[in-house]
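These notes concern the structure reproduced below.
The values are calculated or read from the model by the stated rules, or taken from the named source; none is laboratory data. Just so it is clear, the structure is predicted and the values come from calculations on it, not from any experiment. Here the Cβ is made from the backbone with ideal geometry for all residues, glycine too, and neighbour counts use every protein chain on show. All accessible areas refer to the heavy atoms of the entire protein, side chains included, with ligands and DNA or RNA removed. Shrake-Rupley method; radii C 1.70, N 1.55, O 1.52, S 1.80 Å.
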Amino acid sequence: EAHGLVQQMDRNSRYRLGVGLLRLASATRGQLEIVQEARPFLKALADEVGETANIVVLAGNETLYLDQAIGTSALQMYNWVGRRNPPHATANGRVLLAGMPEVERETLLTSLASPDGQLPALTATTVTDPSELRGILLTVVRDGFSVVTDELEVGLTAIAAPVLGGGGTVLASISVSGPTFRMPQAVVAEAAQRVVDAADKLSGRMGYQRPRLTRR
């Protein structure tokens, strides 16, 4: 009842379905749509880079992996689908945080922080200072992608870029990830461009139109 999924009709405790179910159904349809549209781009991205490609959304204060494609270089298949991670320590999460309204982002970061104001450390290199993270998010906005190395798991590098909807809002994040030893700087630079290209193409499928420059 608190979430609007049911509504009490009278004092006899009879209930009927609430409008919250409509919002829930709408969100589910949106996720199914983006998974369906993303699959060919994930497959192409995984084939091009040779690493695992994922489509990720924000669910509450965590990232949620909706779908993946396995690259040819994968040592073994790791199923990310359904996994949830704290957004501050992942490339996908930082892309999604960077696309949020500032007030919502600060509320989320506050919910993740410990009493001393620091974010959870998953490895020795995880960024835990909210001020440092805010600076990183500005860089993500400037560059159009995020790279995270050894912050979620030691030995894991990920590159992510935003998927935009019709209104220019960030709907999801598309990424590739693989072992850090297999992703030196040169590989990361090339992979980042491919991730951005895939995200741009998927954004077009989701209704986003890049603003056109007007001639004067």
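Numbers for the structure displayed
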{"quantity": "Looking only at region 70-91, and only at residues there that are at pLDDT 90 or above and touching a Lys or Arg at 6+ places or on another chain (Cβ under 8 Å), the one that is nearest to Lys43 (Cα to Cα)", "calculated": "Pro87"}
{"quantity": "Residue tally, condition under 19 Å from Thr169 (Cβ atoms) and among the polar types (S, T, N, Q), over region 126-149", "calculated": "1"}
{"quantity": "Pairs where the first residue, in region 101-127, is within 21 Å of Val141 (Cβ to Cβ) and the second is open to solvent by 50 Å² or more (accessible area, probe 1.4 Å) and not in a helix (DSSP H, G or I), C-beta under 7 Å, 6+ apart", "calculated": "Leu108/Asn61; Leu112/Asn61; Leu112/Pro120"}
{"quantity": "Hits in region 169-211 (condition: in a loop (DSSP other than H, G, I, E, B), surrounded by fewer than 15 Cβ atoms within 10 Å (Cβ to Cβ) and more than 14 Å from the chain's Cα centre (by Cα))", "calculated": "Pro184, Gly207, Gln209, Arg210, Pro211"}
{"quantity": "Any hit, region 126-135, residues being more than 26 Å from Phe41 (Cα to Cα), within 18 Å of the chain's Cα centre (by Cα) and assigned to a loop (DSSP other than H, G, I, E, B)", "calculated": "yes"}
{"quantity": "Failed item in (1) assigned to a helix (DSSP H, G or I); (2) open to solvent by less than 10 Å² (accessible area, probe 1.4 Å); (3) out of contact with any Gly (no Cβ under 6 Å at 6 or more places or on another chain); (4) not polar (S, T, N, Q), with Glu48 passing the rest", "calculated": "(2)"}
{"quantity": "Residue count for region 52-65, restricted to those that are buried (at least 24 other Cβ atoms within 10 Å of the Cβ), over 10 Å from Val195 (Cβ atoms) and not hydroxyl-bearing (Ser, Thr, Tyr)", "calculated": "3"}
{"quantity": "Residue in region 169-176 that is without any contact (Cβ under 8 Å) to a residue 24 or more places away in the chain and either touching a Cys at 6+ places or on another chain (Cβ under 7 Å) or more than 20 Å from Ala69 (Cα to Cα) (or both) present", "calculated": "no"}
{"quantity": "Test set (1) more than 21 Å from Ala69 (Cβ to Cβ); (2) open to solvent by 70 Å² or more (accessible area, probe 1.4 Å) - Thr149 fails condition number", "calculated": "(2)"}
{"quantity": "Tally, over region 101-115, of residues that are over 15 Å from Leu58 (Cβ atoms) and open to solvent by less than 70 Å² (accessible area, probe 1.4 Å)", "calculated": "2"}
{"quantity": "Unmet requirement for Arg94, which otherwise passes all of (1) surrounded by fewer than 21 Cβ atoms within 10 Å (Cβ to Cβ); (2) of a type in the set (Lys, Arg); (3) modelled with pLDDT of 95 or more", "calculated": "(1)"}
{"quantity": "Flag for Thr139 being without any contact (Cβ under 8 Å) to a residue 24 or more places away in the chain, within 17 Å of Val195 (Cβ to Cβ) and surrounded by fewer than 17 Cβ atoms within 10 Å (Cβ to Cβ)", "calculated": "yes"}
{"quantity": "Subset of region 116-125 [more than 25 Å from Ile174 (Cβ to Cβ) and either in a helix (DSSP H, G or I) or open to solvent by less than 40 Å² (accessible area, probe 1.4 Å) (or both)]", "calculated": "Gly117"}
{"quantity": "Cβ pairs under 7 Å, 6+ apart, first in region 80-96 and on the phi < 0 side of the Ramachandran plot, second of a type in the set (Val, Ile, Thr) and assigned to a loop (DSSP other than H, G, I, E, B)", "calculated": "His88/Val127; Ala89/Thr126"}
